[in-house]
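Colleague: Okay, handing you the structure first.
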Amino acid sequence: MIRRPRRGLPASLLALVLLAACVLIVVALVQRLVGERPFLSYDAIAERVHATTWHTLPVLVWGGVAVLAGLVLLVLAVVPGRPTVVPLTEEAGFDSGITRRGVLVSLRGAANSVDGVTAARIRLGRKKVVAHVRTSRDNTDGLADAVRVTLARRIEEIGPENPPEVRVRVRAVTTRGVR
């Protein structure tokens with residue numbers, strides 16, 4: 001059970017662009033049918049299109065932009081996004097999962113509970129968890145190991161299907177500045 005994000009933003013932007021183009025065309029056609037002077041003159045557009053050749057710079061530039069936009073949309077459609085749900089080990093035949101945010105909050109709380117940690121920032125990747133912790137201690141010996149053990153224990157409690165490797169980076173902050 002791996003839920004992936006929907007590609008709503010690119011689809012919405014493309015839909016808005018196409019909707020705007022359609023509205024402009026429909027408004028111009030209705031103005032022409034009613035007998036008013038259309039703000040988009042069909043004759044002026046047709047004359048300009050017939051006068052333009054394939055080798056002019058604007059045609060090549062806009063063609064390149066269209067191809068690039070199409071490739072970007074194709075890549076966004078094909079490449080899977082970051083999972084929004086982390087699958088858990090299957091128990092009693094049930095598929096279950098926890099949100100990435102839930103895992104991050106749980107791991108941040110575990111890292112902050114270690115004695116000497118003043119702040120923790122957690123990054124959750126597919127195969128590893130990287131914890132950046134700050135401490136006000138002058139001596140940071142053993143702190144990284146304590147945080148690593150605590151995070152590994154919390155990951156074991158959560159029970160993800162593929163447990164990630166834990167890496168910890170400690171940064172000592174003193175009253176005189178960052179060391």
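Colleague: Consider residue 103 carefully, then state whether it is open to solvent by less than 40 Å² (accessible area, probe 1.4 Å), within 23 Å of residue 147 (Cβ to Cβ) and without any contact (Cβ under 8 Å) to a residue 60 or more places away in the chain. Steps first, please.
Modeller: Working: open to solvent by less than 40 Å² (accessible area, probe 1.4 Å): yes; within 23 Å of residue 147 (Cβ to Cβ): yes; without any contact (Cβ under 8 Å) to a residue 60 or more places away in the chain: yes.
Taking the combined requirement at face value, the residue satisfies it.
Colleague: Among the residues of the range 120-131, count how many are open to solvent by 40 Å² or more (accessible area, probe 1.4 Å) and either among the aliphatic types (A, V, I, L, M) or assigned to a loop (DSSP other than H, G, I, E, B) (or both).
Modeller: Pass one, the range 120-131, residues open to solvent by 40 Å² or more (accessible area, probe 1.4 Å): 121, 123, 126-128.
Checking which are either among the aliphatic types (A, V, I, L, M) or assigned to a loop (DSSP other than H, G, I, E, B) (or both) leaves us with 126-127.
Residues meeting the conditions: 2.
Colleague: Six or more apart or on different chains, Cβ atoms under 7 Å: show the pairs whose first residue is in the range 32-57 and at negative phi and among the aliphatic types (A, V, I, L, M) and whose second is modelled with pLDDT under 85 and open to solvent by less than 100 Å² (accessible area, probe 1.4 Å).
Modeller: From residues that are at negative phi and among the aliphatic types (A, V, I, L, M), there are no pairs.
Colleague: Same structure, new question: Would a scan of the range 132-139 turn up a residue that is among the polar types (S, T, N, Q) and surrounded by 15 or more Cβ atoms within 10 Å (Cβ to Cβ)?
Modeller: Step one: filter the range 132-139 for residues among the polar types (S, T, N, Q), giving 135-136, 139.
Remaining after also requiring surrounded by 15 or more Cβ atoms within 10 Å (Cβ to Cβ): 135.
Yes, that holds for at least one residue.
Colleague: Given the criterion within 27 Å of the chain's Cα centre (by Cα), open to solvent by less than 30 Å² (accessible area, probe 1.4 Å) and free of Cβ contacts under 8 Å to residues at least 60 places away in the same chain, identify the matching residue among 147, 79, 168, 114.
Modeller: Working: 147 fails: within 27 Å of the chain's Cα centre (by Cα); 79 fails: open to solvent by less than 30 Å² (accessible area, probe 1.4 Å); 114 fails: within 27 Å of the chain's Cα centre (by Cα).
Just one listed residue meets the conditions, 168.
Colleague: I would also like to ask the following. Of the residues that make up the range 150-159, is at least one open to solvent by less than 40 Å² (accessible area, probe 1.4 Å), farther than 16 Å from residue 88 by Cβ and assigned to a helix (DSSP H, G or I)?
Modeller: Checking the range 150-159: at least one residue is open to solvent by less than 40 Å² (accessible area, probe 1.4 Å), farther than 16 Å from residue 88 by Cβ and assigned to a helix (DSSP H, G or I).
The values are calculated or read from the model by the stated rules, or taken from the named source; none is laboratory data. Since this is a predicted model, take the numbers as computed values, not measurements. Cβ sites come from the backbone with ideal geometry, for glycine too, and all protein chains shown count toward neighbours. Please note that ligands, DNA and RNA were not included when accessible areas were found on the heavy atoms of the full protein model with its side chains. Shrake-Rupley method; radii C 1.70, N 1.55, O 1.52, S 1.80 Å.
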